[in-house]
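Here, each number is a calculation from the coordinates, and none is a lab measurement. Note that the structure is predicted; figures quoted are calculated from it, not measured. Backbone-built Cβ (ideal geometry, glycine too); neighbour counts: all protein chains shown.
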Amino acid sequence: MESRLDHVAIAVRSVASALAFYRDQLGFQVTQHRTIAEDGVGVTMLDGGSVRIDLLEALGPESVIARFLDKRGEGVHHVAMTVQDLSETVERLRAAGVKILNDPRPGGDGRLSAFVHPASAGGVLLELLQQET
């Protein structure tokens, strides 16, 4: 199974404040901003050359990111990896007893995505993304 690190997602209270550091101080370039309405999340994607960072901002108090921030504060929300065949990977992991949080659905960048529960991934929320063809 071939996979690679795709991005690291960071939950922030304010994208504008976070950009003052990542864009203005470190030189990351904003490449895209998307809204995931069903989760109440704004995603700002930053390109740092060999690394991508997604800044996640809550769009309301019921957002999954608002709950994360209330419980844990700002910081790494999840790590994302691409896989060659997301559906096959999810089926195989479920059969092995891995807790998958959702069926594959479009993620922050539009590619199919599924999340692995931290209890099954060494304490890390892991996003699996369908590899682009």
Checklist entry - Taking the Cα atoms only, what angle lies between the long axis of helix 86-95 and the longest principal axis of the chain, rounded to 10 degrees? => result 60
Next on the checklist: Which three numbers, in whole Å and largest first, are the semi-axes of the equivalent ellipsoid of region 90-133 derived from its Cα gyration tensor as √(5λ)?
Outcome noted: 19, 12, 8
Checklist entry - Where both residues lie in the chain, what percent of DSSP beta bridges are antiparallel, nearest 5? => result 75
Item to check | Amide N of region 5-22 lying under 12 Å from the label point, which is placed 7 angstrom from the Cα of VAL79 along Cα→Cβ | outcome: 5-9
Checklist entry - Hey, in the GNM for the chain with a 10 angstrom Cα cutoff, which one of GLU38, GLU62, GLU91 fluctuates hardest? => result GLU38
Next on the checklist: Once each part is reduced to its C-alpha centroid, what is the distance from region 54-78 to region 93-133 in angstrom?
Outcome noted: 18
Checklist entry - Dividing the alpha-carbon Rg of region 40-96 by 2.2 N^0.38 Å yields what? => result 1.44
Checklist entry - For the charge dipole of the chain, defined by +1 on Lys and Arg C-beta atoms and -1 on Asp and Glu C-beta atoms about the Cα centroid, which residue among VAL15, VAL43, GLY75 has the Cα displaced farthest towards the positive pole? => result GLY75
Checklist outcome for this item: Label model pair ARG67, SER87: point-to-point distance (7 angstrom along the Cα→beta-carbon line) in nm is 2.9
Checklist entry - If you bin the C-alpha pair distances of region 3-130 every 5 Å from 0, what whole percents do you get? => result 2, 11, 20, 24, 20, 14, 7, 2, 1, 0
Checklist entry - How large are Rg and Dmax for region 5-79 when only the alpha carbon atoms are used, in Å? => result 11.7, 34
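Just order 108-114, 28-34 by mean Cβ neighbour count inside 10 Å, highest at the front, would you? Present the calculation step by step, with values, prior to reporting the outcome.
Working: 108-114: 17.7, 28-34: 14.1.
Descending mean neighbour count gives 108-114, 28-34.
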Checklist entry - How large is the charge dipole for the chain, taken about the Cα centre, if only the Cβ atoms of Lys, Arg (+1) and Asp, Glu (-1) carry charge, to the nearest 20 debye? => result 300
